[in-house]
Structure formats: structure tokens, C-alpha cells
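What follows is a single structure, written as C-alpha cells, with notes after it.
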Amino acid sequence: MKKEITKTEKTKKSKKKKLSKLDKQFYKLLIAMAAAIVVFFISYYFFQSLRTFEYQGLTFTKDKFGEIPIYRYYYYFSTTGSAVKEDNPQRFDIILRVDPRENNVTFEGDEIIFPSRGKFIYLSVNNTGLQCTYSNVALFNIAQFLTGNGYTVKPATPDKNESENTQNLRYATCETHPDNMVLLIREGAETKIVKQNNCYTISVANCEILPAVEKFMVQSIIDGKNRYEISN
């Protein structure tokens, strides 16, 4: 009987040792899994931080559309057009093709100020010299930017003859509609943006219409954000 008890105890001890080994292996596995998860999240946030950058107070995220690099930014705006976040804000997402840090299009004049929502914005385009690869993309983007922020846009041309020969295409220049915002896009010797009262002339050289239009959009957001921060 004594020998049988001893054998039973040995069997129990042997089982305990096996269970202890299994427990240790299980805990090691749990620790390894926990470490892997921590490493994953650290790596994820590290690589996420590499995809974001600051440009004049705006935080952009670098992404890809297929193989095409794009740059995203979103903001909230009020019904008065300020780049702010209120109780019931509107959100707008802007997607750029040109890195704003490398966009060297110059802007001449003071800040960009949009009109009240009750007034039209004339998007006046002279297509001469703008038969470029990205012309349609750029014009779609600027129109979407304006309408997406709650403005009513009227297509126009600075060419009077073209206006007379084209139905529903208005004639608009910096002089014809002084009480409205006119965004005039045309070919020029240098790619730049010039503000003259309510008129903004975007001159495009060497088919640089995409960086020119994107510069206008980004600069208008920066100016709106700065005005809001100063007023508050």
C-alpha cells in the first residue's frame, strides 16, 4: 500500500511538472504575442507619422491613388466661409497632386478673401494656350473647391468674342464685375497669382495650371485659418 501511494504521488508530481511546463510555454507565448502587438502598433504609428507633415499650420497626409502620390487635407468651415470647426460644421477634403512644400508658384497681393454666400464667383477661363494634359483636372478641382465650400460659381470667359459666340458663357474680367469675385485663369509668361481688388488672375506658363490652381486653393485655406485665429 505504501509503495502504491508513493507511485501515485510520483505520478501526480510528474503531471504537475508537465502542467507547469505547459503553463510556462503558454505564458511565454502570450508575452511574445503581446510584444508583437506592441511592436506592430509602434511601427504603425511611426510609419503613419512619416506620412504626415506640416505646411504653414496645415497637417497634410501623403497617400497614393494607385501609383500616383497625392496629398490630403481636410477642414471644417462655417456658413460664413471661415475655416473653423463649429457645432454644426461642414467638412471639406482637399486632395492635391503637387506637394505644397514644393509648390513654388508666387502669390502677389494681400490675403485671399471670399465674398459672402449671396454673391456669385465668376470662374473666367481663357483656353488659349491652356490645352494642357492637366487643364481639365485643374479646372474641375477649382470648381469643386468653390462649390464644395458653398459658393455659386458661374463659368465665364475673358474673351468677349467667345462670350458672344457661345451660349450661356458670360464675359467676365477684373473690370466687368468689380462687386463680384472673379477668378481669371489664362496663359502667361510666368506662372503666378495676382490679386487686384476682388479679382484673382492665375497666369499659367508651360502648362503649369495644376500647381497654379492648387496654390490658390491652399493659400486661401491658410489665409482663412489665420483670420479666424486672429479674430479669436
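Key figures
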quantity	calculated
Top-ranked residue of region 201-230 - restricted to ones that are assigned to a strand (DSSP E or B) and either out of contact with any Cys (no Cβ under 9 Å at 6 or more places or on another chain) or acidic (Asp, Glu) (or both), ranked as surrounded by the most Cβ atoms within 10 Å (Cβ to Cβ)	Ile202
Yes/no for Gly150 being at pLDDT below 90 and of a type outside the set (S, T, N, Q)	yes
Residue check, Ala138 under 26 Å from Asn197 (Cβ atoms), at pLDDT 95 or above and of a type in the set (A, V, I, L, M)	yes
Residue in region 181-192 that is closer than 20 Å to Asp99 by Cβ and not in a helix (DSSP H, G or I) present	yes
Selection within region 49-64 - loosely packed, with under 10 Cβ neighbours inside 10 Å and part of a strand (DSSP E or B)	Glu54, Lys64
Per-region count, region 176-190, residues surrounded by fewer than 16 Cβ atoms within 10 Å (Cβ to Cβ) and modelled with pLDDT of 95 or more	2
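The values are calculated or read from the model by the stated rules, or taken from the named source; none is laboratory data. Keep in mind that what you see is a predicted model, and the values were worked out from it rather than measured. Cβ sites come from the backbone with ideal geometry, for glycine too, and all protein chains shown count toward neighbours.
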